[in-house]
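These notes are about the structure you will find just below.
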Amino acid sequence: MKTLVFFGAARRKGHTKAMVDLLIEHLDGEVEIIDAYREPVKPCIDCRYCWRVNGCSIKDDMQDIYKKIEEADNVVFASPIYFHSITGPLKTMIDRLQVYWAAHVRKDKPEGFQRKGAMLLVGGAPDFEDQFLGGDIVLRNVFNDINAENLGMVTLANSDVDSIDSRPEVKEEIIALAKKMNEANK
Ligand SMILES: Cc1cc2nc3c(=O)[nH]c(=O)nc-3n(C[C@H](O)[C@H](O)[C@H](O)COP(=O)(O)O)c2cc1C
C-alpha cells in the first residue's frame with residue numbers, strides 16, 4: 001500500500017506534523033510526504049491547456065507529483081487552518097490539480113474510485129462551529145476530482161493550548177483512521 005501525504009504546515013515540528021507522524025506509525029506499507037512549503041511548485045494560471053490535453057503546461061516539480069498521485073493507494077491532506085482554510089502553499093499545489101477537474105471538460109473522467117483519501121486539520125482557536133469547514137470543502141472537492149473515496153477527517157482544535165498528547169481522543173481518532181485506511185486497501 002502506498003500513501004502520499006500532502007503536508008501543508010510551515011512548522012516542521014508543529015501539531016500537523018505530530019498528527020501525520022501518528023497516522024504514519026499506524027499505516028501499512030510505504031509513505032511519501034510532499035512538503036508544500038518546500039516544493040517549488042508554480043501556481044495554476046488557468047491557461048486551459050488541460051481542457052484539451054490530460055496534463056499540465058507548466059513543467060515543474062508538479063509533473064512528478066502527478067505521477068505519484070497516480071501510483072498512490074491513499075492521498076492524505078494535512079494542514080493547519082489559516083484564515084478558515086488550508087494554507088496558501090498547499091492551496092497552490094491543489095490548484096494545479098485542475099488537470100483532474102478538467103477531465104469533465106475533456107470527457108475522459110474515469111468512473112468510480114481509484115484511491116482513498118483522508119484529511120488531518122489543525123486549528124489554533126478554541127473549538128467553534130465551522131472552524132474546519134473551509135478546509136473540508138476544498139479537500140472534499142479535491143477527492144472528488146482525483147476519484148478518491150473520502151475515508152474521513154480528524155481535527156485538532158485549540159492547538160494554541162492543546163496538542164494530541166493532551167487530547168487522547170484525537171489520537172484515538174487518528175489511529176482509527178489509519179486502521180480504516182489499512183482495511184480499505186486489503
Ligand atoms: C496566518 C495564520 C492564520 C490562522 N488562522 C486560523 C484560523 O482561521 N482558525 C484557527 O483555528 N486557527 C488559525 N490559526 C492558528 C493555526 O491553525 C495554529 O497555529 C496551528 O497549530 C498551526 O499548525 P502547526 O502547529 O502544524 O504549525 C492561524 C495561524 C496563522 C499563522
Can you list the residues, at least 5 places off or on another chain, whose amide H is less than 5 Å from the amide H of LYS116, using H built in the peptide plane? ASN74, VAL75, GLU149
Over 30 Å (Cα to Cα) - which of LYS13/LYS68; LYS59/LYS180; LYS109/LYS180; LYS42/LYS180; LYS59/LYS186 fall in this group: LYS59/LYS180; LYS42/LYS180; LYS59/LYS186
Rounded to whole Å, give me the distance from the Cα center of the stretch 143-173 to that of the stretch 46-101. 21
Using modelled amide H (1.01 Å from N, peptide plane; none on Pro or chain starts), what sits under 5 Å from the amide H of ILE33, excluding residues fewer than 5 places away? VAL5
Charge dipole (debye, nearest 20) of the stretch 17-111; +1 at Cβ of Lys and Arg, -1 at Cβ of Asp and Glu: 720
Sort 89-95, 50-56, 171-177, 123-129 for me by packing, meaning the mean count of neighbouring Cβ atoms within 10 Å per residue, highest on top. 89-95, 171-177, 50-56, 123-129
Quick one: putting +1 on the C-beta of Lys and Arg, -1 on the C-beta of Asp and Glu, what dipole do you get for the stretch 2-184 around its Cα centre, in Debye to the nearest 20? 760
Additional length obtainable on full extension of the chain from GLU71 to ARG106, 0.36 nm per residue less Cα span: 10.4 nm
Report the gain in length on full extension from ARG52 to MET1: 0.36 nm times residue separation, minus Cα-Cα distance, nm rounded to one decimal. 15.1 nm
First check a/c for the stretch 2-184, with a ≥ b ≥ c the square roots of the eigenvalues of its C-alpha gyration tensor; if it is under 1.5, answer rounded, and if not, answer prolate when a/b is larger than b/c or oblate otherwise. prolate
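No lab work stands behind these numbers, since they all come straight from the coordinates. Bear in mind the structure is a predicted one, so any value in this text is a computation, not a measurement. Because the Cβ atoms are built from the backbone with ideal geometry, glycine has one as well, and the counts that use them run over all protein chains shown.
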